[in-house]
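Here's the structure we're looking at; comments come further down.
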Amino acid sequence: MSGELAEGVNGLEKIILREPRGSSAEVYLYGGHVTSWKNEHGEELLFLSSKSFFKPPKPIRGGIPLCFPQFSNLGPLDSHGFARNKFWSIDIDPPALPTNSSSKAYVDLILKPSEEDMKIWPHSYEFRLRVALGPGGDLMLTSRIRNTNSDGKSFTFTFAYHTYFSVSDISEVRVEGLETLDYLDNLQKRERFTEQGDAITFEGPVDKIYLSTPTKIAILDHEKKRTFVVRKDGLPDAVVWNPWDKKAKAMADFGDDEYKYMLCVEAAAIEKPITLKPGEEWRGRQELSAVPSSYCSGQLDPQRVLQGS
Ligand code: TA6
């Protein structure tokens, strides 16, 4: 690990990663939860609610919660599973992780079930998470989940990086890369629909699971002249969520008007749950970049970003 262990909110331990050119990230051991990602100018790129509890067993509201082994209420467990409500450890001797990134700023965390946990979900697993900052300030999260059951049993799970992006004004944001795809609408009993042909914009609550998406999605924030690019691997689906005003008021750990400044775009594996036999390992990776952009100046043609490298 090349990060610095520090005390966070309510005394919860966190690791601070710094990249020589100035970008940084913070990860809490509670939940294996990234709560901050800043660019080389020190600008925060992730949304974190000013009302977030930081009080276990409640999840942290904002940043990048990990949804495992269950996305949302797609199963018997609490919403989004339990990985985000557990204390993770620093993985001092992780198996090698071949990456194409020359990142020097990274930390490896690990979550394994306790006896107590096994009563809730009767499986033995190792969940390894590497959080890394690239030389250009990109944020990479790589999850490796291994079935370590000794009773020969397989297990099945769904997964998401529930990323909260910080935006200047939700009504000015466009999402590119999900046009014409099928999605399940969580606001209409998960009925299946097909998205229209244009970029997605926001005028009300949205809670959609896009199925079998491209590996790259762009989030354009005109006011901030910034485009987030989500690259994902092993995560075929993508969830787009904004609670809007009513749900915002109903959430105790979320400010009434904070919906204007956040958008969740979540790299996920939901439609086809993943099954692992004992000894098998799954890997799911997301890479986030924030590129200066101005749609008008043509500096950024989303199609070029989505089709480019
Ligand atoms: O990812 C979208 C979603 O499943 C929404 O349905 C909404 O519930 C959101 O997650 C937040 O869930 P949470 O359990 O963190 O309140």
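Observations, loosely collected:
- Restricting the search to strands (runs of 3 or more DSSP E) fully inside region 179-253 and requiring at least 1 residues that are touching a Ser or Thr at 6+ places or on another chain (Cβ under 6 Å) and more than 21 Å from residue 45 (Cβ to Cβ) gives 182-185.
- Test: residue in region 161-172 that is among the charged types (D, E, K, R), part of a loop (DSSP other than H, G, I, E, B), modelled with pLDDT of 95 or more and loosely packed, with under 15 Cβ neighbours inside 10 Å: yes
- Residue 91 meets the stated requirement of being closer than 15 Å to residue 29 by Cα, surrounded by 14 or more Cβ atoms within 10 Å (Cβ to Cβ), acidic (Asp, Glu) and in contact (Cβ under 8 Å) with a residue 12 or more places away in the chain.
- Among the residues of region 65-100, the one identified as of a type in the set (Gly, Ala, Ser), touching a Ser or Thr at 6+ places or on another chain (Cβ under 9 Å) and closer than 17 Å to residue 53 by Cα is 79.
- Looking across region 1-54, just one residue is touching a His at 6+ places or on another chain (Cβ under 8 Å) and surrounded by fewer than 19 Cβ atoms within 10 Å (Cβ to Cβ), and that is 22.
- Qualifying strands (runs of 3 or more DSSP E) (wholly inside region 1-117; at least 2 residues being over 20 Å from residue 144 (Cα atoms)): 4-7, 13-18, 24-28, 33-38
- Residue tally, condition among the aliphatic types (A, V, I, L, M), under 30 Å from residue 282 (Cβ atoms) and away from the ligand (no atom under 11 Å from the Cβ), over region 216-254: 6
- Scanning region 173-223 for residues that are in contact with a Lys or Arg (Cβ under 7 Å, 6 or more places away or on another chain) and either among the basic types (Lys, Arg) or at pLDDT below 95 (or both), we see that the one that is farthest from residue 67 (Cα to Cα) is 199.
- Matching residues, region 224-235, being of a type outside the set (Ser, Thr, Tyr) and either buried (at least 16 other Cβ atoms within 10 Å of the Cβ) or over 19 Å from residue 67 (Cβ atoms) (or both): 224, 225, 226, 228, 229, 230, 231, 232, 234, 235
The values are calculated or read from the model by the stated rules, or taken from the named source; none is laboratory data. Bear in mind that the values here come from a model prediction, so they are computed numbers and not experimental data. Backbone-built Cβ (ideal geometry, glycine too); neighbour counts: all protein chains shown.
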